[in-house]
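This report refers to the structure that appears directly beneath it.
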Amino acid sequence: MHAVTARRILVCAALAVGFTSLPLTAHAEKRHGGDSQSATPQGEKSDRTLVSRITFRGQTGGHGGKGNGGMQPVGNWTPPACWYEPYSADEFAKDTERGFHMVADDPRQPNYAKRSVGEFRDIYKDGKYKNYNKSKGDEGSWWVAKQDPDRWMEDAAQKCDRQPFWVKNGDPVNDPHAVSPDILAQLAYNRIKLPDTKVTLAPAGASKVNLPAWAWLDKAKFKKVSVTAALNAQGVDIQATTTARPVALKLEPGTGEAKTFPGSGICRINDDGSIGEPYAKGKAEQDPPCGVAYLRKGSYDLRATVTWEVSWEGTGEPGPNRLPDGAFGADQQVVVEEVQSVNR
């Protein structure tokens, strides 16, 4: 078979049948406080495509994007954009047949698309495999590619380019993208929802030129958060819990005409879990352990970014196992005024 034809089969089958690249989406039942305590694969009741069965629970809702509570990994690392999950022979057969007829019976579809999905179907029905291995349904599973819906256009989402493949019960899957506790942990990383990074500044009101503003984070709000990802399908029963813990706050004044405390602008976590120190009356002219002093009046965007240390543990992996640190930040406006002199 020519390479172009093979690729056309894979692409057309993916588009028509849906199972080779169906994005994972999940909706969650929310509790007060924004914690998602249960999550079910969206489309579970759909009769059109196989869906991912990975579920998430905990402080979910991130998706790793700016402005939505998701962590940004520090460095070039990213969670996986695709992986493989197991499905039964009956499920795979039903979905393949449905996808085939969606294209083959549609007069609007071009002939090459009909031919391609037909060739794809033949592999599993009358070719290398017989009737989707339904007679061996108790002996193994079909492993099918899934993609993160937010990243399906990325090159990383195309790494899972194998056509659905059969694995006997008890045999290793032998693919680095096959779902595992490690992969679940990385997917959970991408679902962690973090609190808004807004620091408390004092003294209250507008900041004054050359006078330090004390900065701190509410330790009741900035505490460790966790998300658990789990999969229970076709005899694969695994889970992983990923936990993020705040370790540092970085202050960026938004201008070169400012001074940070400490000089690096990075405030480390205290022994009690807090970051920075609340302002107390009488400390206005002292240097704070965490803060900023502006040297000119004006309005500035102070950026506060919290670094989170991330680890995980899961099935057969007691941990803690490290994952790359994450960061999440936000801008807040600071108005700086001149100190008013008193005329006597």
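For the range 285-296, a residue qualifies if it is within 20 Å of E337 (Cα to Cα) and surrounded by 15 or more Cβ atoms within 10 Å (Cβ to Cβ), and the qualifying residues are P288, G291, V292, A293, Y294.
What's the number of the only condition in (1) on the phi > 0 side of the Ramachandran plot; (2) loosely packed, with under 12 Cβ neighbours inside 10 Å that G276 fails to meet? Of everything listed in (1) on the phi > 0 side of the Ramachandran plot; (2) loosely packed, with under 12 Cβ neighbours inside 10 Å, G276 misses just condition (2).
Note on the range 298-344: residues that are outside any strand (DSSP E or B) and more than 34 Å from the chain's Cα centre (by Cα) amount to 7. When each of S141, S135, S88 is tested for being of a type in the set (S, T, Y), farther than 22 Å from A156 by Cα and touching a Pro at 6+ places or on another chain (Cβ under 7 Å), the lone residue that passes is S141. Taking the listed residues A229, A233, A206, the one that is of a type in the set (G, A, S) and surrounded by 23 or more Cβ atoms within 10 Å (Cβ to Cβ) is A229, with no other qualifying.
Filter the range 137-179 down to the residues that are surrounded by fewer than 21 Cβ atoms within 10 Å (Cβ to Cβ) and among the β-branched types (V, I, T), then identify the one that is nearest to L231 (Cα to Cα). Among those residues, the one meeting the criterion is V173.
Of all the criteria given as (1) under 25 Å from V167 (Cβ atoms); (2) more than 31 Å from the chain's Cα centre (by Cα); (3) of a type in the set (F, W, Y), the one not satisfied by Y87 is (2). Note on the range 184-283: enclosed strands (runs of 3 or more DSSP E) holding 3 or more residues that are small (G, A, S) are 225-233, 236-252.
Check whether at least one residue in the range 117-129 is acidic (D, E) and modelled with pLDDT of 95 or more, and report yes or no. Within the range 117-129, one or more residues are acidic (D, E) and modelled with pLDDT of 95 or more.
Looking at K159, K146, which one is closer than 15 Å to V236 by Cβ and touching a Cys at 6+ places or on another chain (Cβ under 7 Å)? Testing whether each residue is closer than 15 Å to V236 by Cβ and touching a Cys at 6+ places or on another chain (Cβ under 7 Å) leaves just K146.
Going through (1) closer than 24 Å to S88 by Cα; (2) assigned to a loop (DSSP other than H, G, I, E, B) one by one, V167 falls short only on (2). Just so you know, in the range 173-211 the residues that are under 11 Å from the mean Cα position of the chain (by Cα) and among the polar types (S, T, N, Q) include one that is farthest from A327 (Cα to Cα), and it is Q186.
Of the strands (runs of 3 or more DSSP E) that lie entirely inside the range 55-156, those containing 2 or more residues that are without any contact (Cβ under 8 Å) to a residue 60 or more places away in the chain span 140-147.
The values are calculated or read from the model by the stated rules, or taken from the named source; none is laboratory data. Only a predicted model underlies this, so the values are computations on that prediction, with no experimental measurement involved. No Cβ is skipped: glycine too gets one built from the backbone with ideal geometry, and neighbour counts run over all protein chains shown.
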